[in-house]
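Inspection log for the structure reproduced underneath, given as structure tokens.
The values are calculated or read from the model by the stated rules, or taken from the named source; none is laboratory data. If you're wondering where the values come from, they're calculated on a predicted model, not measured in any experiment. Note that each Cβ is placed from the backbone with ideal geometry, even for glycine, and that neighbours are counted across all protein chains shown.
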Amino acid sequence: MTFPLKFNIMLLICLVLGVLCTTALASDKPGPQPPENLRCEYLKNPLGVDVDNPRFSWIPKHAGRNQKQTAYQIIVSSAPDAIDGDIWDSDKVVSSHTVQINFGGKELESNTSYYWKVRYWDAEDTSSPYSTIARFDTAFFDQEEWQAKWISKHNQLRKEFTLEETPVRGKAFVSGLGYYELRINGKKVGCNVLDPAWTTYDKRVLYSTFEVTKNLHQGQNTICAVLGTGWYKSHAFILQLHIETESGDEVVIISNNSWKSRSGPIISDSIYDGETYDARLETPGWDQSGYDDSSWEKADLAISPKGLLLSQMMPSIQVVDTIVPHKVTNPAPGVFVFDMGQNFSGWAQLRVKGKTGTPVQMRFAELLYPNGNINRENLRKAKAEDTYILKGGTDEVYEPRFTYHGFRYVELTGYPGVPTMDTLRGRVVHTAVKQTGNFISSNSLLNQMQQNFLWAFKTNLHSIPTDCSQRDERMGWLGDAHLTAEGGIMNFDMAAFYSKFINDISDVQDKKGTLTDTVPYIWGGRPADPAWGTAYPLLCWFMYTFYGDTRILEEHYEGLKKYIDSLTAMAQRNILSFSRYGDWIAIDKTPGSLVSSFYYYYDVLLFSRIAGILEKQNDADDYANLAEKIKSAFNDTFYSSEQGGYVPNTQTANVLPLFLDLPAPSARGRVIHNLVSDILYRNNTHLTTGIIGTGYLLDVLLKTNNSDLAYELATQTTYPSWGYMIERGATTLWELWQEKTGPGMNSHNHPMLGSYGAWFYRALVGIDQKSSSLGYKQILIRPQMVRDLSYASGSLTSVRGQVLSEWKRKDGMIELKVTIPVNCTAEITLPKFNMKNIALKEKGLQVYTRGQFLTGIEEIGMVEETELSLIIQVGSGTYHFELSGNSN
Ligand code: BGC
């Protein structure tokens, strides 16, 4: 590993290294601390686990450096107060594993609560205290356990029932296609919105589980639902409520045709078009007991969706944030435009007071015309407007339930009087994944790019990864999904989300193994463009490498194989020419056959590795052989020795083979040269790549020691570049490099060009892992201290804990702070020039002096020294290095 650093100031500098900081103190107490972050099936205290052998994980904590787990013990019990291991006591298991630990106790029962804790033994075989108690509840293991019926009719449903005794436990299992809101005794249950997650309803329908003990009471209770139309385009609702009473009796309330129904105040609802709500149709008290529903009709039994009813084991969509508008303008009489200051997905909450029957309209847009009016040309057919018709008289607050919009601006018309900044609030709505990564630097453009990535990525999580959040599309385009996944995983906890989406992908697979461009399948075609379908193997692979998930590889092994074989069936002489989109939205076009053949090779290569991991040696060998053949065919077909590059020598044409090391060793240098000169000279330091080339460009520049150039591209502000978007006010990523504000394909919240989201971590703060490492067990820290960047800090929370790398230049020195989780090791590459001394300051010891590495410092091992860098190995803990310019 060499450093491409132009160490102008550093040229005369030698490197002095000091470990200043003490350890990542988990607490003041010495020794092993209780494990934290207990997860079951990737979720914290999940209520609806419907796999009978769930997996556990935890993060061991330790006050000392260089620490590991040598053994663990898990206790699972049926009672929360006395955790005695009646369900499972693993005993002391000698193992360093902290993730993907399979449950190994008594057979779990469905619809049951379990409690668990874990402790571990450290490097000195000292046991930690037990963790705090975590919980997981099983949902239904068997479809037969559903006694409830799917019902429908109008968009409001209600049922009253009496509980003779005090309820001590209540759990509701509920799904409503076209979306639902569940209400018990006058209150909304839970914080899910736009629930359940979108799936291929013919294959699977997800239900949510809510703990509702506190919502119930002895006596008369009322359970209600409001229904939307959503992606199902119709109403169907199912609920099964299990209540345990004081004396231990079980009462089960189910949806059936004894429920009552009527049309409520939601006049119409549509994801694309918005909602119309007539508050005059509200019937106060309808969701509470004692309401007279004699005029309501009986609900009908609905046709059951064909799919299996399965538990929603992922974070739900929620209102995750509230935005205060930046400003409000009045571009025309009676027209008010609110600028939220940020493009996002969700809706607006309206506060209003006026005469009964007054319709107030909110229309949503990403753009403005120069005259200040909203520009909705790029929404295509999506109407994106919510209308609220006032009850009248009192202060009224409204927000829609069964739609969402992608917008920055809200146009308000029909408002009685003059609105103030308090009239509207932006409600940010998306799948509530936790942000787990942070990146910040001395370059404000990079910092805005990071914000744009975060906003574009998270506001396109709507139970599937969508392409955009505003126009009449919002589909699970597979290309966009895999190209944004790594950046997403580094910034957010995506494990449960992608586990679900990988199932969604397998749900669209047909007998021949082919996939579709969008999942669920609505748009695009079948078979999927190979650059889109590759999301299946790639997302499985990311789950494996980032989270150590082998179960996903096992579960999808046959599906992946069928998919790869469907590619082979289309290929001719090992070249896959079928392509629908190629290097989509590229400035310089690359043949689709090159792009498809690249992915054909990539998929086959990964599949042969997956087969090896699962010890299916024959497949591993067969597919490795096939990969070799594709590689030769690829080089024979696309490489031109005259041009020294892959024809037509576009950036993408050279980036893709370089990414997978396809060029022959003798050709590699010329291919890199071609790529670099195309960027530098032909395009004056600009990229010309579409989504596919952009996906790998920065990583290829990293691996070919061109980080300074990657940085120049990343911070470019003229067209085409990310900076160009930002200079034109982008607060998310655009769909196109061009600035377009007219009609057509031109979304302003489209994450697919966001490959820098991963590169910030992988290159600028240099957090990566060895190719053999899973879940950042063997970390690599290789910060690229490029050009004028003087500070960069990044941390990500891996399944094993937080990894941090932070460096800054100061007074001719470089400080580098690194945090490595317990049970992990890291190889840290320190840039050096003419290094003479390394001191472990806190111990007053020289580690390295005048070209010699001195042994005897436990925490630091030497790995390799090259002319430009020193690679050292450290164990867990926090290390603060100081690289100073003083020789001797
Ligand atoms: C979507 C893209 C998608 C593409 C496929 C567009 O309409 O918005 O993000 O990948 O079609 O060509």
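Filtering Thr466, Thr459 for residues that are out of contact with any Asp or Glu (no Cβ under 9 Å at 6 or more places or on another chain), surrounded by 24 or more Cβ atoms within 10 Å (Cβ to Cβ) and hydroxyl-bearing (Ser, Thr, Tyr) leaves a single hit, Thr459.
Inside the range 182-212, residues that are outside any strand (DSSP E or B) and either on the phi > 0 side of the Ramachandran plot or of a type outside the set (A, V, I, L, M) (or both) make up a count of 13.
Considering only residues in the range 702-723 that are farther than 26 Å from Trp532 by Cβ and in contact with a His (Cβ under 9 Å, 6 or more places away or on another chain), the one that is farthest from the ligand (Cβ to nearest atom) turns out to be Thr718.
Residues of the range 767-816 being at negative phi and among the aromatic types (Phe, Trp, Tyr), which ones? Before you say what the answer is, go through the steps one by one.
Step one: list which residues in the range 767-816 are at negative phi, which gives 767-774, 777-786, 788-800, 802-810, 813-816.
If the condition is that a residue be at negative phi and among the aromatic types (Phe, Trp, Tyr), then Tyr791, Trp807 are the ones that fit.
Looking across the range 178-218, the residues that are within 24 Å of the chain's Cα centre (by Cα) and aliphatic (A, V, I, L, M) come down to Val193, Leu194, Ala197, Val205, Leu206.
Any residue in the range 41-51 that is in contact with a Ser or Thr (Cβ under 7 Å, 6 or more places away or on another chain), farther than 23 Å from Met494 by Cα, of a type in the set (Val, Ile, Thr) and in a strand (DSSP E or B)? No, the range 41-51 has no match at all.
Would you pick out the residues in the range 724-766 that are crowded, with 23+ Cβ neighbours inside 10 Å, of a type outside the set (S, T, N, Q), within 15 Å of the ligand (Cβ to nearest atom) and not in a helix (DSSP H, G or I)? Listed by number, the residues that qualify are Leu733, Trp734, Glu735, His748, His750, Gly754.
Quick one: is Val508 within 16 Å of the ligand (Cβ to nearest atom), at negative phi and buried (at least 24 other Cβ atoms within 10 Å of the Cβ)? It would help to see each step written out before you state the result.
Numbers: within 16 Å of the ligand (Cβ to nearest atom): yes; at negative phi: yes; buried (at least 24 other Cβ atoms within 10 Å of the Cβ): no.
In short, no.
The residue that is farthest from Leu216 (Cα to Cα), among those in the range 284-307 that are within 39 Å of the chain's Cα centre (by Cα) and exposed (fewer than 13 other Cβ atoms within 10 Å of the Cβ), is Lys306. For the range 122-145, a tally of residues being exposed (fewer than 15 other Cβ atoms within 10 Å of the Cβ) and among the hydrophobic types (A, V, I, L, M, F, W, C) returns 0. Within the range 370-384, the set of residues being farther than 14 Å from Gly729 by Cβ and not in a strand (DSSP E or B) comprises Asn371, Gly372, Asn373, Arg376, Glu377, Asn378, Leu379, Arg380, Lys381, Ala382, Lys383, Ala384. In summary, Ile75 fulfils each of the numbered conditions (1) surrounded by fewer than 18 Cβ atoms within 10 Å (Cβ to Cβ); (2) under 33 Å from the mean Cα position of the chain (by Cα) with the single exception of condition (1). If you filter the range 78-109 down to residues that are under 29 Å from the mean Cα position of the chain (by Cα) and not hydrophobic (A, V, I, L, M, F, W, C), you find that the one that is surrounded by the most Cβ atoms within 10 Å (Cβ to Cβ) is Thr98.
Filtered by the rule that a residue be near the ligand (Cβ under 10 Å from one of its atoms), crowded, with 24+ Cβ neighbours inside 10 Å and more than 21 Å from Ser597 (Cβ to Cβ), the range 512-543 gives a lone residue, Thr518.
For the range 132-144, the tally of residues that are touching a residue at least 60 places away in the same chain (Cβ under 8 Å) and within 19 Å of Pro46 (Cβ to Cβ) stands at 9. The set of residues in the range 657-683 being in a helix (DSSP H, G or I) and under 26 Å from the mean Cα position of the chain (by Cα) consists of Phe659 alone.
Do we find that Gln69 is at positive phi and either surrounded by 15 or more Cβ atoms within 10 Å (Cβ to Cβ) or within 29 Å of the chain's Cα centre (by Cα) (or both) in this structure? It would help to see each step written out before you state the result.
Working: at positive phi: no; either surrounded by 15 or more Cβ atoms within 10 Å (Cβ to Cβ) or within 29 Å of the chain's Cα centre (by Cα) (or both): yes.
The answer is no for Gln69.
Residue-wise test of (1) at pLDDT 90 or above; (2) of a type in the set (Ser, Thr, Tyr); (3) buried (at least 18 other Cβ atoms within 10 Å of the Cβ).
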{"residue": "Gly801", "(1), (2), (3)": "yes, no, yes"}
{"residue": "Leu830", "(1), (2), (3)": "no, no, yes"}
{"residue": "Leu840", "(1), (2), (3)": "no, no, yes"}
{"residue": "Arg850", "(1), (2), (3)": "no, no, no"}
{"residue": "Leu870", "(1), (2), (3)": "no, no, yes"}
{"residue": "Gln873", "(1), (2), (3)": "yes, no, no"}
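Look at (1) within 11 Å of the ligand (Cβ to nearest atom); (2) crowded, with 24+ Cβ neighbours inside 10 Å and you find that Met449 fails only one, number (1).
The number of residues in the range 732-755 that are in contact with a helix residue (DSSP H, G or I) (Cβ under 6 Å, 6 or more places away or on another chain) and over 20 Å from Ile781 (Cα atoms) comes to 11.
Kindly indicate the residue of the range 684-701 that is surrounded by fewer than 24 Cβ atoms within 10 Å (Cβ to Cβ) and under 24 Å from the mean Cα position of the chain (by Cα) and also nearest to the ligand (Cβ to nearest atom) among those meeting that condition. Break it down stepwise before answering.
Of the range 684-701, the ones surrounded by fewer than 24 Cβ atoms within 10 Å (Cβ to Cβ) are 684-686, 688, 696, 699-700.
When the remaining residues are screened for being under 24 Å from the mean Cα position of the chain (by Cα), the result is 696, 699-700.
On the way: Tyr696: 16, Asp699: 20, Val700: 21 Å.
The selected residue is Tyr696.
Checking each residue in the range 492-505 for being assigned to a helix (DSSP H, G or I), free of Cβ contacts under 8 Å to residues at least 60 places away in the same chain and away from the ligand (no atom under 16 Å from the Cβ) picks out Tyr498, Ile502. Any residue at all in the range 556-563 that is under 25 Å from the mean Cα position of the chain (by Cα), within 14 Å of the ligand (Cβ to nearest atom) and either of a type outside the set (D, E, K, R) or on the phi < 0 side of the Ramachandran plot (or both)? No; the residues of the range 556-563 include none that is under 25 Å from the mean Cα position of the chain (by Cα), within 14 Å of the ligand (Cβ to nearest atom) and either of a type outside the set (D, E, K, R) or on the phi < 0 side of the Ramachandran plot (or both). For the range 454-481, the candidate set comprises residues that are within 16 Å of the ligand (Cβ to nearest atom) and touching a Leu at 6+ places or on another chain (Cβ under 8 Å); within that set, the residue that is farthest from Thr199 (Cα to Cα) is Ala456.
Scan the range 320-333 and tell me whether some residue there is among the small types (Gly, Ala, Ser), under 23 Å from Pro400 (Cβ atoms) and either touching a residue at least 24 places away in the same chain (Cβ under 8 Å) or surrounded by fewer than 21 Cβ atoms within 10 Å (Cβ to Cβ) (or both). Looking through the range 320-333, none of the residues is among the small types (Gly, Ala, Ser), under 23 Å from Pro400 (Cβ atoms) and either touching a residue at least 24 places away in the same chain (Cβ under 8 Å) or surrounded by fewer than 21 Cβ atoms within 10 Å (Cβ to Cβ) (or both).
The set of residues in the range 278-335 that are under 21 Å from Ala172 (Cα atoms), among the small types (Gly, Ala, Ser) and out of contact with any Phe, Trp or Tyr (no Cβ under 8 Å at 6 or more places or on another chain) comprises Ser289, Ser316.
Enumerate the strands (runs of 3 or more DSSP E) found wholly within the range 232-320, keeping only those where 2 or more residues are closer than 30 Å to Asn503 by Cβ.
Output list reads 236-245, 250-254, 266-270, 308-311.
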